[in-house]
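A short reminder: the numbers here are calculations on the coordinates, not readings from a lab. Keep in mind it's a predicted model, so treat the numbers as computed, not measured. Methodologically, a virtual Cβ is constructed for each residue, glycine included, from the backbone with ideal geometry; neighbour enumeration extends over all protein chains shown.
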Amino acid sequence: MKRLAHPAAVVLVAAVLCGLVSLSGNDYYLRIAFMMCVYYLCAAGMNVLVGYAGQKSLGQAGLFAAGAYAVALITSRTELSPWLALVIAAVVSGVCGVLIALPSLRVKGPYLAMVTLAFGIVVEKLVGEWTDVFGGAQGIYGIRPLTWNGQPLSSVQWVILGIVLSAALHLLLRNLLQGRFGRALLSLQADEIASSSVGVRVYRAKVMAFVVAAVTCGIAGALVAQQNQYINSDFITFHLSIFILLLVLFGGAGSMYGPIVGAVLLTATDALLARWPSAQHFLYGFLLLFALYVMPGGVVGLFNKWFLKSRHRGEGAAGSGVPGQIGPGGEGELLVVQGVTKSYGGVKPAQDVSFRLQRGHIHALIGPNGAGKSTMINMLTGVVEPDAGVIRFLGRNIVGQPAHTICCLGMGRTFQNLRLFADLSVLDNVMLGRHSRMSNGFLSSLVAWPTAGKQERATRERALQLLDLVGLGHLAHWPAGSLPYGLQRRVELARALATEPQLLLLDEPAAGLNPQETAELGELLVRIGKCGVSILMVEHHMDLVMSISDHVIVLDYGVKIAEGKPAAVQANPRVVEAYLGVDDEEDMAAVPA
Amino acid sequence: MVEALLQALISGLAVGGAYALVALGFSITFTTTKTLNFSHGEFVSAGAFIGMSALFLVLGKPLSSTTFGDAVPGAGAQLFALVAALGVMGLLGWLLYVLGVRPFAGRPGMAWVMSTLGFGVILQSVGLAIWGPKPVVVPAPVGDTVIRMFGVGVRPQELLTLGVAVVVMIGFDRVMNRTMIGKAMRAVAQNGNVASLMGINTNAMMIGAFVVSSALAGLSGFLLAPIAQASLFMGLTVGLKGFSGAMIGGLSNPRGCVIGGFLLGVLESMVNLWQAQWREVAVFALVILVLAFRPTGLFGRSTVEKV
């Protein structure tokens, strides 16, 4: 019953806090406690966006406004129940969240941050200047508050409501973030390309994070409007956006407890400095400027340093048994490439290349540097779109399909320059590989439906098996980035295998390995082949290629110059020419055919 | 009708000139350091207030006064104010780079977004503590007599802003394309590591980028103050619109940024004729539209990420 320990503790703490609150009669302190809860709601949602998905939003005030003004307009102009209005406000702000997330389809990083900032400013201007609807600085009066037994909530009841909502949100987000979705968000923060290559729908995950942040922020805004029974444009300022962001960064982004710490500490500070607004702003500026420099993990990060050490040692990995079958095996054509062409200006990494891959075989793709091998892998996996040609995988044309779809169809890959999620544990990296094979959706994860837990456990077990297969079971809980290079390659291999590929694409799996390790890798690849996975590897180590592959394809300057059995390819004069070059006709003739 | 349009066009071009200067500032730091000053808008306000306090200084008034009364500063005073605005803003840019950008530049996570934002918030709160939130009417260096041209009235400050912006941008373009310093800057922008191997002092180039960019922000604030009154809150929207101009034109292309800035100024001015409260919405709608079809801007080149 370890699973219920945390929720029980949260309920207990919330109950104690509610008890304490109902003993207090001081309206000033109650108001501060209420604002702590409101800001916690904002911060907890924002943490999903900033701490997990790694997207900077500088326009949360706009979403706060969406919730607040939605509730204000509904309750002051219609007869709807204030509770229903609160729900509608959450939906409205969620829709606004989708609106801000739309540009994230096209732009990243600083551009996106600037777009969110612009959104906040536009909303600020709209509510300030469009006085017919939003009342501007005059504001909207007569907002009906939430009621209990037909009576408006008292100050104490408002705080209790805040605590209950906060506790509920904490539990829900914890369910969500400690499983499939939390991992997916962290992975896209680390590396979007790798993330989509293991089957994470990057764009959808980002939209989800934006919507979560928007909904919680909108609820917070609506609560403030209903509690004050009044809202005007002075509430919605750029400083509010900054304050919400700071709650997360100061408390500790990416930690479940960071937003709590941030909300409590900063709301208290805010109340203390309320008499000197310019000192308040100065402090926030100061914190923004230096907090990340001094404590990148926020206040919680400072404490984590001591706790984390003990946690790493704790669990030894207990993987059980052999992985058995990974792919379906069988025979026949798996992948057909026809007339694929790609050019970047004058560089042509693929010119009318065609080849076929068979089930159950280990294929090798070789060629001198710049031959277009990695580009070919990238085109097969959907990272790069070819200019022309057809790629048929399992009988289906996959040209133009996004990387995560191709991964779901059954194509796994590794990268030439390792793309591991360095801050995540080895185990999490491999578990991410199974992201697309897990069937628990957003809602079932959010409420910790039993199926979600089952999926999570199955994935964990599978990941441990795969780690045992590559011989890394004992390192499962170390951060992937802390491993030596050769072992990181194996983690990436295990992660690719976790996607349950029918075809495994390996981009220079032996790069940087010594002869001993290369030989071990060869054995491992043969073993993987026996688990029903077909392999296409790009490789420079000729001894590895010649010893384990069934079929070799040779590219040179984007043109396929030979293919066939390893021995035949090795003897092909055009291949020798491509690798060693020829001086003139005589040398050409001297090469034994 | 034609007069109103022409009037809007001219004032749009003048304000667009200020946006273009801001956009150019964004472009300079982005190409050399891959970072942006998220408090660029506050720097615009700061430029206006530093120019203003320099005028107070010459007129013998206390620095924290908020009105000029009847005093009209002479040409020398205005020139001194201009130099002060450029110099102090350059220094602030250097400080920003050292405190807020260098510790984080080139690292993942965009911590520099936060630190530059924080720097701006500090600037603004210091300004509020000295001058308070009320806007200040600043006398124009070229007087306030309206010039009549083609039947429309034009304020000389608008023409001055437009002229100065055009001259500065042509000069910048020449420096970037014709001189060794320009080449060095472009080399750092292309690949800082290689540039430093070629003996270019990349650190100095990056400091230079922030100094120039901040000075441009100061210049645009100095020019805008007589048109729109100096206010500590004027910068935020100017900065945002400058950035929007840069995004429309393409952050990586300085010429594109300038065109984007002018385009935005004119667009805004035209929308203003029709419905003032939709001004901001129209501007940002255009940005979103451009980004949707050309994420790197109208004149930007797309970058290929190596996998």
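Structure notes:
- Shielding value for B:121-134 is 4, the average number of Cβ atoms from other chains within 10 Å of each residue's Cβ.
- Convex hull volume of the range A:449-593 per residue (C-alpha atoms, cubic angstrom): 148 Å³
- Interchain or long-range residues, amide H under 5 Å from A:Q358's placed H: A:L334
- Global geometry of the range A:29-103, whether rounded, prolate or oblate, following the gyration tensor of its Cα atoms and the 1.5 cut on a/c: oblate
- Each of B:L263, B:L36 was scored by other Cβ atoms within 10 Å of its Cβ. Arranged with the fewest first, they read B:L263, B:L36.
- Only lysines eight or more places from B:K241 in sequence, or on another chain, were considered; those with a Cα closer than 29 Å are A:K56, A:K108, A:K125, A:K206, B:K34, B:K134, B:K183.
- For chain B, adding -39500 (n - 2.57) for each run of n ≥ 4 DSSP H residues and dividing by the number of residues yields -24000 deg cm²/dmol at 222 nm.
- Cα→Cβ-extended label distance, 7 Å offset, between B:L298 and B:D144, nm: 3.5 nm
- Note on the range A:56-160: semi-axes of the ellipsoid equivalent to its C-alpha gyration tensor, largest first and rounded to whole Å, are 30, 16, 12.
- Springs join every pair of Cα atoms under 10 Å in this Gaussian network model of chain B, and among B:F38, B:F293, B:F222 the largest mean-square fluctuation is at B:F293.
- Largest to smallest principal axis extent of the C-alpha atoms in chain A, angstrom: 98, 52, 43
- All lysines inside 21 Å of A:K560 as judged from Cα atoms, apart from same-chain residues fewer than 8 positions distant: A:K342, A:K348, A:K373
- Average other protein chain Cβ within 10 Å of Cβ, residues A:276-282: 5
- Estimated FRET transfer efficiency when R0 is 30 angstrom, pair A:K305-A:Y485 (beta carbons, to 0.05): 0.70
- In the elastic network of chain B, a GNM with C-alpha springs shorter than 10 Å, the most mobile of B:A215, B:A129, B:A105 is B:A129.
- Extension gain (nm, one decimal) between B:W94 and B:L59, 0.36 nm per residue minus Cα-Cα: 9.7 nm
- ³J(HN,Hα), Karplus 6.51/-1.76/1.60, whole Hz, each residue of the range A:551-564, x for Gly, Pro: 7, 10, 10, 10, 10, 8, 6, x, 10, 6, 9, 6, 7, x
- Placing a label point 7 Å from the Cα of A:Q229 along the Cα-to-Cβ line, the residues of the range A:139-156 whose backbone N sits under 13 Å from it are A:141-147, A:151-155.
- Both numbers refer to the Cα atoms of chain B; Rg and Dmax are 19.2, 65 Å.
- The range B:153-167 - phi-based ³J(HN,Hα) in whole Hz, Karplus 6.51/-1.76/1.60, Gly and Pro as x: x, 10, 7, x, 4, 5, 4, 4, 4, 4, x, 4, 4, 4, 4
- Of A:Y203, A:Y111, the sequence from fewest to most neighbouring Cβ atoms within 10 angstrom is A:Y203, A:Y111.
- Phi angles across the range A:441-452 convert, under the Karplus curve 6.51 cos²θ - 1.76 cosθ + 1.60 with θ = phi - 60°, into 3J(HN,Hα) values of x, 4, 5, 5, 5, 4, 9, 6, 4, x, 4, 4 Hz, Gly and Pro given as x.
- From helices alone, chain A scores -18500 deg cm²/dmol at 222 nm; the rule is -39500 (n - 2.57) for each run of n ≥ 4 DSSP H residues, then divide by the residue total.
- Taking every Cα-Cα distance in the range B:10-119 and sorting them into 10 Å bins from zero, the calculated P(r) comes out as 13, 36, 30, 17, 4, 0 percent.
- Paramagnetic reach from A:R3 in the range A:422-450 [backbone N under 18 Å; point 7 Å along Cα→Cβ]: A:438-450
- Charged neighbours of B:R178, selected by a Cβ distance under 15 Å, balance to +3 (K, R count +1; D, E count -1).
- Distance between the range B:45-89 and the range A:122-151 - C-alpha centres, whole angstrom: 41 Å
- Potential lengthening between A:D543 and A:S22 on full extension [0.36 nm per residue; Cα-Cα distance subtracted]: 179.9 nm
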